[in-house]
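Below is one structure, written out as structure tokens; comments come after it.
The values are calculated or read from the model by the stated rules, or taken from the named source; none is laboratory data. Bear in mind the structure is a predicted one, so any value in this text is a computation, not a measurement. Quick reminder, even Gly has a Cβ in these numbers, built from the backbone with ideal geometry, and neighbours come from all protein chains shown. When the accessible area is computed, the model is the full protein with side chains, heavy atoms only, and any ligands, DNA or RNA have been set aside. Shrake-Rupley method; radii C 1.70, N 1.55, O 1.52, S 1.80 Å.
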Amino acid sequence: WLLSVIPIFQHLWFLYYLAWLVAGFTAVVWVMRKLNWKPTAAWFVDSPLRLLWLVPLTFVPQFFMITDFGPDTAASPIPWPPVLVYYAVFFGFGAVCYGREALEKNIGRRWPISLLLAIPALLLGLHWYELRGSLFVSSESNHLPDLLVNHLLCALFSVLYAWLMVFGLIGLFRRFFSSGKRCIRYVSDSSYWLYVMHLPLVMLLQIWVADWPWPSAIKFLAICTITTVVLLCIYEYAVRYTWVGAMLNGRKSRQGGERHHT
């Protein structure tokens, strides 16, 4: 029981789950090759109607997560099955799309529509999230039918919002950030390092400024700015061209910072 609740991985829990997903993916590929299964047809994932199977498939594990709006966080050594299955759907869809040039060009093609539809999906999901939460702290908490309906609608719209944002942001970034600009590539490369290392520095800064008589918004922006600047400096001079940078993003040279794959 302790191994299922102790959050020993903290913010790196997602990398732990990613290791499980990669192991599962390896097993699935091995089985498919042994059974000589053919790859998924392109039309099955290329059509805008893919939401008709992606949303229900993702809804099933989302239904068993009730802590947050969207998927729960599970940082314990024993993976929480609903969280693992939830992210396996996204991982699996990405694996199906990988290496198909025509498919990758079409994914996110209608990004303005996806981002526009994501707004009401988010608002409706948050609406039923609030209603669901209110039933837990009120005298109506024993009204199970109301709780179930609110939970179902919250789960449905949170899943729909997630997929709409996925396709919308893929299309948005391909439209405006795919020209190969060095600054965009640099920010993209450094993001992994910032994700892995930001939490300790953020916590230290929060302790430092906790008693300062500054508005919370100013302290928030200061913490984000200082954390980003410090970690980017460390990334440039102590990570990017070292073995750590090679593990995160592949080998790079100082002449242009290009990747060198071996």
Exercise for the section: Return the residue satisfying two criteria in turn: it lies in region 26-42 and is farther than 13 Å from CYS97 by Cβ and among the hydrophobic types (A, V, I, L, M, F, W, C), and of such residues it is modelled with the lowest pLDDT. Expected result: TRP37
Completion exercise
Sole miss for SER179 among (1) of a type in the set (Gly, Ala, Ser); (2) farther than 17 Å from VAL244 by Cβ; (3) part of a helix (DSSP H, G or I) is condition (3)
Handout entry: Out of VAL166, VAL202, VAL229, sole residue that is within 29 Å of THR58 (Cα to Cα) and either open to solvent by less than 60 Å² (accessible area, probe 1.4 Å) or not small (Gly, Ala, Ser) (or both)
Key = VAL166
Problem - In region 80-106, the residues that are open to solvent by less than 50 Å² (accessible area, probe 1.4 Å) and over 21 Å from PHE59 (Cα atoms) - result: LEU103, ASN106
Problem - Pick from region 152-163, criterion of a type in the set (A, V, I, L, M) and open to solvent by 10 Å² or more (accessible area, probe 1.4 Å), ranking: nearest to LEU52 (Cα to Cα) - result: LEU160
Fill in the blank from the handout: Residue pairs qualifying under the 6 Å Cβ cut-off, at least six apart or on distinct chains, with the first in region 165-189 being closer than 16 Å to GLU236 by Cβ and the second being open to solvent by less than 70 Å² (accessible area, probe 1.4 Å), are ASP189/ASN249
Exercise for the section: Could you please find all residues in region 1-13 being assigned to a helix (DSSP H, G or I) and either in contact (Cβ under 8 Å) with a residue 24 or more places away in the chain or open to solvent by less than 60 Å² (accessible area, probe 1.4 Å) (or both)? Expected result: LEU3, SER4, VAL5, GLN10, HIS11, LEU12, TRP13
Exercise for the section: Under 7 Å between Cβ atoms, at least 6 apart or on separate chains: pull out the pairs that start in region 240-255 with a residue that is more than 10 Å from TRP193 (Cβ to Cβ) and end on any residue that is of a type outside the set (D, E, K, R) and open to solvent by 100 Å² or more (accessible area, probe 1.4 Å). Expected result: GLY250/HIS261
Exercise for the section: Take GLY180 and decide whether it is on the phi > 0 side of the Ramachandran plot and either of a type in the set (A, V, I, L, M) or open to solvent by less than 70 Å² (accessible area, probe 1.4 Å) (or both). Expected result: yes
Exercise for the section: Return yes when PRO48 is within 19 Å of LEU164 (Cα to Cα) and in contact with a Phe, Trp or Tyr (Cβ under 6 Å, 6 or more places away or on another chain) and no when it is not. Expected result: no
Completion exercise
When TRP30 is run through (1) open to solvent by 80 Å² or more (accessible area, probe 1.4 Å); (2) within 15 Å of GLY94 (Cβ to Cβ), the failure sits at (2)
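Might you check whether a residue that is touching a residue at least 40 places away in the same chain (Cβ under 8 Å), surrounded by 11 or more Cβ atoms within 10 Å (Cβ to Cβ) and among the charged types (D, E, K, R) occurs anywhere in region 207-221?
Among the residues of region 207-221, not one is touching a residue at least 40 places away in the same chain (Cβ under 8 Å), surrounded by 11 or more Cβ atoms within 10 Å (Cβ to Cβ) and among the charged types (D, E, K, R), which makes the answer no.
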Completion exercise
Of those in region 118-141 that are open to solvent by less than 70 Å² (accessible area, probe 1.4 Å) and farther than 30 Å from LEU172 by Cβ, the residue modelled with the lowest pLDDT is SER141
Handout entry: Unmet criterion (only one of (1) farther than 28 Å from TYR16 by Cα; (2) part of a helix (DSSP H, G or I); (3) within 21 Å of the chain's Cα centre (by Cα); (4) modelled with pLDDT under 95) for ARG185
Key = (1)
